[in-house]
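Scroll down for the structure; my scribbles are underneath it.
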Amino acid sequence: MLKKESTGLIVIDVQGKLARMVYDSEVVVANCGKLIKGAQALGLPIIWLEQNPVKLGATVAELSALLAEQTPTLKFTFDACETPLFIEQVKAANIDSWLICGIEAHICVYQTALHLQQLGYKVQLVSDCVSSRTLANKHLAINKLDNRGIDISGLEMCLYELVKDCRADEFKEILALIR
């Protein structure tokens, strides 16, 4: 079970034209926004990644507006764990569980999730907050990650797991995101 005291969120490469080209892009971007808002309401650390923004473009406005108090961590490797600043941020968060959302599921999301697991972190892929240009590649990534021991969750599932109790201060804010 996720615990808000030991969980963070990693937002991977929801950028430029590619973010609009992935399967079910409007839903995925909206769900990533809800996940970010939920993580913020719960006080989770958030790491925001951008892959080569000069070539791919910046994070979509809907999400960058939510993350405006932060600076994205730039990367050029598909596996974010190959970027020293990212690893520093992961370690500095001092938590053991990471929710992952973003694109593309079968490339950057996949490689980063597996490497985090290899480093000893618990990783949950938020399946309705990831996508690829094709649905087949999204399913491929989810299946391979599941087979390799990465937990698969959903937006609503992980947020309610973190809130735990309808009497929690954050419950109404989380409920409003889900409705």
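The values are calculated or read from the model by the stated rules, or taken from the named source; none is laboratory data. If you're wondering where the values come from, they're calculated on a predicted model, not measured in any experiment. Please note: Cβ atoms are built from the backbone with ideal geometry, for glycine as well, and neighbour counts cover all protein chains shown.
Note on the range 29-62: residues that are in contact with a Phe, Trp or Tyr (Cβ under 8 Å, 6 or more places away or on another chain) and either under 19 Å from Leu125 (Cβ atoms) or assigned to a loop (DSSP other than H, G, I, E, B) (or both) total 4.
If I filter the range 151-160 for residues that are of a type in the set (Ser, Thr, Tyr), under 25 Å from Glu26 (Cα atoms) and in contact with a Gly (Cβ under 6 Å, 6 or more places away or on another chain), do I get at least one hit? Reasoning before the result, please.
Of the range 151-160, the ones of a type in the set (Ser, Thr, Tyr) are 153, 160.
So of that shortlist, the ones also under 25 Å from Glu26 (Cα atoms) come out as 153, 160.
Keeping just the survivors that are in contact with a Gly (Cβ under 6 Å, 6 or more places away or on another chain) gives none.
Taking every residue of the range 151-160 in turn, none turns out to be of a type in the set (Ser, Thr, Tyr), under 25 Å from Glu26 (Cα atoms) and in contact with a Gly (Cβ under 6 Å, 6 or more places away or on another chain).
Would you point out the residue of the range 43-59, among those that are buried (at least 19 other Cβ atoms within 10 Å of the Cβ), of a type outside the set (S, T, N, Q) and in contact (Cβ under 8 Å) with a residue 40 or more places away in the chain, that is farthest from Asn94 (Cα to Cα)? Give the steps one after another, and end with the answer.
First, the residues of the range 43-59 that are buried (at least 19 other Cβ atoms within 10 Å of the Cβ): 44, 46-51, 59.
Then keep just the ones that are of a type outside the set (S, T, N, Q); that gives 44, 46-50.
Within this subset, residues satisfying the condition of being in contact (Cβ under 8 Å) with a residue 40 or more places away in the chain are 44, 47, 49.
Numbers: Leu44: 11, Ile47: 13, Leu49: 18 Å.
Filtering the range 43-59 for residues that are buried (at least 19 other Cβ atoms within 10 Å of the Cβ), of a type outside the set (S, T, N, Q) and in contact (Cβ under 8 Å) with a residue 40 or more places away in the chain, the one farthest from Asn94 (Cα to Cα) comes out as Leu49.
With the structure loaded, tell me whether Tyr121 is touching an Asp or Glu at 6+ places or on another chain (Cβ under 7 Å) and closer than 23 Å to Met1 by Cα or whether it fails that test. Taking the combined requirement at face value, the residue satisfies it. Beta carbons closer than 6 Å, at least 6 apart along the sequence or on distinct chains, pair a first residue in the range 93-119 that is of a type in the set (S, T, N, Q) with a second that is assigned to a strand (DSSP E or B) and crowded, with 18+ Cβ neighbours inside 10 Å for Ser97/Thr7; Gln117/Val123.
Only residues that are free of Cβ contacts under 8 Å to residues at least 24 places away in the same chain and hydroxyl-bearing (Ser, Thr, Tyr) were counted in the range 145-179, giving 1.
The set of residues in the range 65-108 that are within 19 Å of Leu42 (Cβ to Cβ) and of a type in the set (S, T, N, Q) comprises Gln70, Gln89, Asn94, Ser97. Of the residues in the range 1-23, how many are buried (at least 20 other Cβ atoms within 10 Å of the Cβ) and hydroxyl-bearing (Ser, Thr, Tyr)? Qualifying residue count, the range 1-23: 1. Scanning the range 72-85 for residues that are among the acidic types (Asp, Glu) and crowded, with 16+ Cβ neighbours inside 10 Å gives a single hit, Asp79.
All of Ile150, Ile142 fail the test of being farther than 26 Å from Ala41 by Cα, at pLDDT 95 or above and β-branched (Val, Ile, Thr), apart from Ile142.
Among the candidates Glu69, Glu26, Glu88, single out the residue that is without any contact (Cβ under 8 Å) to a residue 24 or more places away in the chain, in a loop (DSSP other than H, G, I, E, B) and surrounded by fewer than 21 Cβ atoms within 10 Å (Cβ to Cβ). Explain how you work it out, then say what you get.
Numbers: Glu26 fails: in a loop (DSSP other than H, G, I, E, B); Glu88 fails: in a loop (DSSP other than H, G, I, E, B).
Within the list Glu69, Glu26, Glu88, the selection yields Glu69.
Of all the listed residues (Ala92, Ala80), the sole one being of a type in the set (Gly, Ala, Ser), under 15 Å from Ile10 (Cα atoms) and more than 16 Å from the chain's Cα centre (by Cα) is Ala92.
Taking the residues in the range 143-179 that are charged (D, E, K, R) and outside any helix (DSSP H, G or I) as candidates, determine which candidate is surrounded by the fewest Cβ atoms within 10 Å (Cβ to Cβ). Can you show your working first?
We begin by selecting, within the range 143-179, every residue charged (D, E, K, R); these are 144, 146, 148, 151, 156, 161, 164-165, 167, 169-170, 172-173, 179.
The next check asks that each one be outside any helix (DSSP H, G or I); those that pass are 148, 151, 164-165, 167, 169-170, 179.
Numbers: Arg148: 13, Asp151: 17, Lys164: 14, Asp165: 9, Arg167: 7, Asp169: 10, Glu170: 18, Arg179: 5.
Looking at residues that are charged (D, E, K, R) and outside any helix (DSSP H, G or I), I get Arg179.
Might you let me know whether the range 133-140 holds any residue that is touching a helix residue (DSSP H, G or I) at 6+ places or on another chain (Cβ under 6 Å), buried (at least 24 other Cβ atoms within 10 Å of the Cβ) and not β-branched (Val, Ile, Thr)? For the range 133-140, residues touching a helix residue (DSSP H, G or I) at 6+ places or on another chain (Cβ under 6 Å), buried (at least 24 other Cβ atoms within 10 Å of the Cβ) and not β-branched (Val, Ile, Thr): absent.
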